[in-house]
Amino acid sequence: MVRLASRLHFYIPVLLAFTLWEAASQAGLIDESVFPSLSSVLVGFVRLLTNNNLLMHAGISIFRQMSGFLLAAGIGIAAGILMATSGWARFAIEPIIRLTYPLPKSALIPLFILWLGIGDASKIGAIFLGALLPVVLSTYNSARGVNVALVWSAWSLGTPRWQVPWKVVLPAAMPEIVSGLRISLALSFTLLVSAEFLISQEGLGYLISQLGENGDYPGMFAAVLAVTVIGVAADRSFLALGNRVLRWTEQ
Amino acid sequence: MDRAVNVAAPGQAFKVPPAVFALLRTAERSIPVLILLAAWEAVTRAGMVQLFLLPPLSQVLVRFYADTIDGTIPHHIIETSVTALSGYFLAAAAGVIIGAAMAISRPIRYMVEPLVSLAFPIPKISFMPIFILWFGLDTLPKVLMVAFNCVIPITSATYLGARSIDKYILWSARSLGTQPGRLFWKIVMPAAAPQVISGLQIALPQALIIGIVTEMLTGGDGLGSYMIRAVRFSDSETAFAGILAMLVTGLVYMQIATVIRRRVLRWHAEAAAG
Amino acid sequence: MAFLEIQDVRKSYVTGQGEPFIAVDGIDLTIEQGEFISLVGPSGCGKSTLLHMIGGFVPCTEGAIRVDGVAVQQPGPDRGIVFQHFALFPWKTVRGNVEYGLVERGMPRAERRQTAQRFIDMVGLSGFEDSFPSRLSGGMQQRVAIARMLACEPSILLMDEPFGALDAQTRKIMQEELRALWHQFGKTVVFVTHDVREAVFLSQRVVVMSTRPGRIKAIVETGLGPGASRALIDEKADKLWDMLRDEVVRAMAAERSKA
């Protein structure tokens, strides 16, 4: 009950901002033709649901984002742990990662358009590669920082060396891996929407730019709102999942 | 300095001079990169991939060189940097002020904290069509979009840094005679500096990422449009030259950020660790 | 033949700057079964390094270490270790930590439960089986680490400044409990510490080490029984400290010139 109350409390400023938006529109303080009121945006939202296949576009966008992100997370964590535990992997991979890491990730979007065309594959590819490098690097950095006494304890308790990476290093590095993944999650949505703006025939980014070109601004604002809600929902779900996995960290 | 003396010390046979040691390490680290680049050149020369998908490294370098000499790439780098850095500094100023205000004032914290925490995960680039609608297709919407993206990490880093200060430092300052009204600027903000700078460091690559995306979307000049135009015309050599230019720009930005961090945080333990 | 033989052991390595460094040199030591022996010395004397070599975590550069006539090649459950900062697996509960080695040995679940419970009870942590280490005090965490080690039934206990991170009161109590445990089980213990009094209180022999490179300076029999008086312990400790004082001062001077 108390938790629920404090949750609601937290969102009061957001509600206040929305109220202010609507009030300013009603009072004619902002120009309805370029800044539709909250109420007309909500009407537009319902219209998108019924007429414009909002759910289909959202489904396609989420599919692209999830595919790219999950691939990046799985391969990135494995590569990071491998680099931290094997001298050969570190020798082979680390210089390449360090060299390519500073590349602004948005450069990957046109590259994958060139390689894979305008469909799902190019978005998934750009999201995958863009999210991959930060995951590898944060996993590697945290895995390398794992207390050697933990590894030694496992050895002395009978764990064979080849099992140490996933029995000890992975769980020990998990807190930092989770916070690195959260950043990559946000990046994956940015890359998704950018790629869909640039070239696509489906997805929320495509829907936003199409509505904008048709001058349907309430609809466009509603679609932006939908992207916002999905981004926040994904982040909150990830946090909840992370807290479950990291139950052991504190309290 | 001490090391140089050590090297010359008698009776210690197997000592490698630090400079040689560092050189050997660099050489060792460039091996995988060189292998990768050689493989790129070999695979494309042998005709194992379509040249349209992956032009040979040598041709990309030739194009990069030509476009650098005739001023095209420098021009686009400057264009992108103006957009990205204008937005970035706008965000830095706003973020530090908002973050500090949140740390000082309860009502401001109450109002702003939920907005910052909600704004972190949303793909802010989705607002770009709205920004274009409001501010046109020129530089302004790009700068504002960069600022919108960068202001969030800077604000929360400043706020968290200013809030997490050790109370014993504050007590020490008080007992040494600092007036309560001056504590914030004399003690809290310097103590928060490492976190503020971390926030600034996190935001810098984002400024470049977003700046480049906005150029891809609105056209005009800059690395983003340089590359997307090349892709639209299926000119893959130029596209790869564009990637190279972006990589160089990103590397330079990161280096500058690291140097600034060391300078500002000379007192911090991490600087001493080198 | 002695139970644990350390024969002319030397450890040297190359630092990150490419400079050679000798950690310990010319270590000769034999330890009998059931003996409690302590290694004391200033920071950097290589006492921990020596312990880690007995554990098989780091190889000797020269010389050999043999347990029961068999050369140490790698870590194993026959040599249990406890570290200063506990090194518990923070993602496992108290029970999960104590059961860890038993799982690795393939012990069936029911038996494992029972064994772990016995050791948890022994170190006085009944009721905390399902707590995560982050919820426990330092003293309790170190009890878990000791239980985890003992559950594997090692023949040698290696203790690397195990009470160094604890407050003075907890430390005293842990020392008494460890001594009681040792009297109960009679296992061989190699105990590394900074604290001369702790070494005298616990052990039968104390090895005093010098620094740069780490060498054995003296081996002192304490000759104290379990009922030794406080005065006697203090007297012994003072004598040992006199021996160590010069070494510590020298080590500190070396630190300063390095910085």
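The values are calculated or read from the model by the stated rules, or taken from the named source; none is laboratory data. It should be emphasised that the depicted structure is a prediction, and the values quoted were computed from it without experimental measurement. Neighbour counts are summed over all protein chains in view; Cβ atoms, including those assigned to glycine, are modelled from backbone coordinates with ideal geometry.
Inspect the range C:51-69 for any residue being among the aromatic types (F, W, Y) and under 26 Å from C:M252 (Cα atoms) and give the result as yes or no.
no
For the structure I just gave you, tell me whether B:I165 is in contact with a helix residue (DSSP H, G or I) (Cβ under 6 Å, 6 or more places away or on another chain), surrounded by fewer than 20 Cβ atoms within 10 Å (Cβ to Cβ), β-branched (V, I, T) and without any contact (Cβ under 8 Å) to a residue 60 or more places away in the chain.
Values: in contact with a helix residue (DSSP H, G or I) (Cβ under 6 Å, 6 or more places away or on another chain): yes; surrounded by fewer than 20 Cβ atoms within 10 Å (Cβ to Cβ): yes; β-branched (V, I, T): yes; without any contact (Cβ under 8 Å) to a residue 60 or more places away in the chain: yes.
Here the answer is yes, as B:I165 does meet what is asked.
Scan the range A:9-40 residue by residue and report those that are part of a helix (DSSP H, G or I) and within 11 Å of another protein chain (Cβ to nearest Cβ). First the steps, then the outcome.
So in the range A:9-40, the residues part of a helix (DSSP H, G or I) come out as A:9-26, A:38-40.
Across the range A:9-40, the qualifying residues are A:H9, A:F10, A:Y11, A:I12, A:P13, A:V14, A:L15, A:L16, A:A17.
Considering each of A:A73, A:A84 in turn, give the residue that is surrounded by 16 or more Cβ atoms within 10 Å (Cβ to Cβ), part of a helix (DSSP H, G or I), within 20 Å of the chain's Cα centre (by Cα) and not aromatic (F, W, Y).
Working: A:A84 fails: within 20 Å of the chain's Cα centre (by Cα).
Within the list A:A73, A:A84, the selection yields A:A73.
How many residues does the range C:132-155 hold that are out of contact with any strand residue (DSSP E or B) (no Cβ under 7 Å at 6 or more places or on another chain), assigned to a loop (DSSP other than H, G, I, E, B) and buried (at least 18 other Cβ atoms within 10 Å of the Cβ)?
The qualifying residues number 2.
Please give the number of the condition A:G215 fails out of (1) outside any helix (DSSP H, G or I); (2) buried (at least 22 other Cβ atoms within 10 Å of the Cβ); (3) within 12 Å of chain B (Cβ to nearest Cβ).
Evaluating A:G215 over (1) outside any helix (DSSP H, G or I); (2) buried (at least 22 other Cβ atoms within 10 Å of the Cβ); (3) within 12 Å of chain B (Cβ to nearest Cβ) leaves (2) as the failure.
Note down all Cβ pairs under 9 Å where the first residue falls in the range B:173-202 and is within 14 Å of B:A257 (Cα to Cα), the second is among the acidic types (D, E) and part of a helix (DSSP H, G or I), and they're at least six residues apart or on different chains.
Here the result reads B:P194/B:E270, each pair linking the range B:173-202 to a residue that is among the acidic types (D, E) and part of a helix (DSSP H, G or I).
Take the conditions within 30 Å of C:P133 (Cβ to Cβ), under 17 Å from the mean Cα position of the chain (by Cα) and of a type outside the set (S, T, N, Q) and apply them to A:L181. Does it pass?
On the way: within 30 Å of C:P133 (Cβ to Cβ): yes; under 17 Å from the mean Cα position of the chain (by Cα): yes; of a type outside the set (S, T, N, Q): yes.
Yes, satisfied.
When residues of the range B:69-103 are filtered for being in contact (Cβ under 8 Å) with a residue 40 or more places away in the chain and among the charged types (D, E, K, R), how many remain?
Final tally of qualifying residues: 1.
Any idea which residue in the range C:102-150 is farthest from the other protein chains (Cβ to nearest Cβ), counting only those that are aliphatic (A, V, I, L, M) and more than 23 Å from the chain's Cα centre (by Cα)?
C:A110
From the residues in the range C:46-68 that are within 13 Å of chain A (Cβ to nearest Cβ) and assigned to a loop (DSSP other than H, G, I, E, B), which one is farthest from A:W155 (Cα to Cα)?
C:V58
Among the listed residues B:A193, B:A203, which satisfies the condition of being more than 10 Å from chain A (Cβ to nearest Cβ) and in contact with a Cys (Cβ under 9 Å, 6 or more places away or on another chain)?
It is B:A203.
What are the residues in the range C:119-131 that are under 24 Å from C:P77 (Cβ atoms) and out of contact with any helix residue (DSSP H, G or I) (no Cβ under 8 Å at 6 or more places or on another chain), if any?
Residue satisfying the conditions is C:D121 alone.
Name the residues in the range C:173-219 that are in a helix (DSSP H, G or I), touching a strand residue (DSSP E or B) at 6+ places or on another chain (Cβ under 7 Å) and closer than 27 Å to C:P77 by Cα, would you?
We begin by selecting, within the range C:173-219, every residue in a helix (DSSP H, G or I); these are C:173-185, C:196-202.
Okay, now just the ones that are also touching a strand residue (DSSP E or B) at 6+ places or on another chain (Cβ under 7 Å), so C:182, C:196, C:199-200, C:202.
Hits for the range C:173-219 are C:W182, C:A199, C:L202.
Give the range B:109-144 a look and list any residue that's more than 11 Å from chain A (Cβ to nearest Cβ) and at negative phi, or say none.
B:L137, B:D138, B:T139, B:L140, B:P141, B:K142, B:V143, B:L144
Mind listing just one residue for me: the one in the range C:203-232 that is among the hydrophobic types (A, V, I, L, M, F, W, C) and surrounded by 16 or more Cβ atoms within 10 Å (Cβ to Cβ) and, of those, nearest to C:C45 (Cα to Cα)?
Filtering the range C:203-232 for residues that are among the hydrophobic types (A, V, I, L, M, F, W, C) and surrounded by 16 or more Cβ atoms within 10 Å (Cβ to Cβ), the one nearest to C:C45 (Cα to Cα) comes out as C:M209.
Check B:A245, B:A241 and return the single one that is within 22 Å of A:S122 (Cβ to Cβ), away from chain A (no Cβ under 11 Å), touching a residue at least 40 places away in the same chain (Cβ under 8 Å) and assigned to a helix (DSSP H, G or I).
Numbers: B:A245 fails: away from chain A (no Cβ under 11 Å).
One residue alone meets the criteria, B:A241.
Exactly one of these conditions fails for A:G231: (1) surrounded by fewer than 21 Cβ atoms within 10 Å (Cβ to Cβ); (2) in contact with a helix residue (DSSP H, G or I) (Cβ under 9 Å, 6 or more places away or on another chain). Give me its number.
(1)
Report whether or not B:T178 is more than 14 Å from chain A (Cβ to nearest Cβ), under 21 Å from the mean Cα position of the chain (by Cα) and hydroxyl-bearing (S, T, Y). Explain how you work it out, then say what you get.
Working: more than 14 Å from chain A (Cβ to nearest Cβ): yes; under 21 Å from the mean Cα position of the chain (by Cα): no; hydroxyl-bearing (S, T, Y): yes.
Against the criterion (more than 14 Å from chain A (Cβ to nearest Cβ), under 21 Å from the mean Cα position of the chain (by Cα) and hydroxyl-bearing (S, T, Y)), B:T178 does not qualify.
Do any residues in the range A:234-251 that are away from chain B (no Cβ under 14 Å) have Cβ atoms under 6 Å from those of residues that are at pLDDT below 95, where the two are at least six apart or on different chains, and which pairs are they?
From the range A:234-251, the pairs are A:L246/A:P175; A:W248/C:P90; A:W248/C:W91; A:W248/C:F132; A:T249/A:P175; A:E250/C:S134.
Taking the range A:41-60, which residues are in a helix (DSSP H, G or I), of a type outside the set (A, V, I, L, M) and either in contact with a helix residue (DSSP H, G or I) (Cβ under 9 Å, 6 or more places away or on another chain) or within 17 Å of A:Y206 (Cβ to Cβ) (or both)?
A:G44, A:F45, A:R47, A:N51, A:H57, A:G59
Only residues that are crowded, with 22+ Cβ neighbours inside 10 Å and touching a residue at least 24 places away in the same chain (Cβ under 8 Å): list them for the range B:104-131, please.
B:K124, B:I125, B:M128
Which of the residues spanning the range C:77-92 are more than 7 Å from every other protein chain (Cβ to nearest Cβ) and in a loop (DSSP other than H, G, I, E, B)?
C:D78, C:Q84, C:F86, C:L88, C:K92 - these are the residues of the range C:77-92 that are more than 7 Å from every other protein chain (Cβ to nearest Cβ) and in a loop (DSSP other than H, G, I, E, B).
State all residues of the range B:196-223 that are farther than 18 Å from B:T155 by Cα, among the small types (G, A, S) and surrounded by 22 or more Cβ atoms within 10 Å (Cβ to Cβ); if no residue qualifies, say none.
Listed by number, the residues that qualify are B:G211, B:G222.
Would the range A:185-207 turn up any residue that is part of a helix (DSSP H, G or I) and farther than 30 Å from B:R229 by Cβ?
yes
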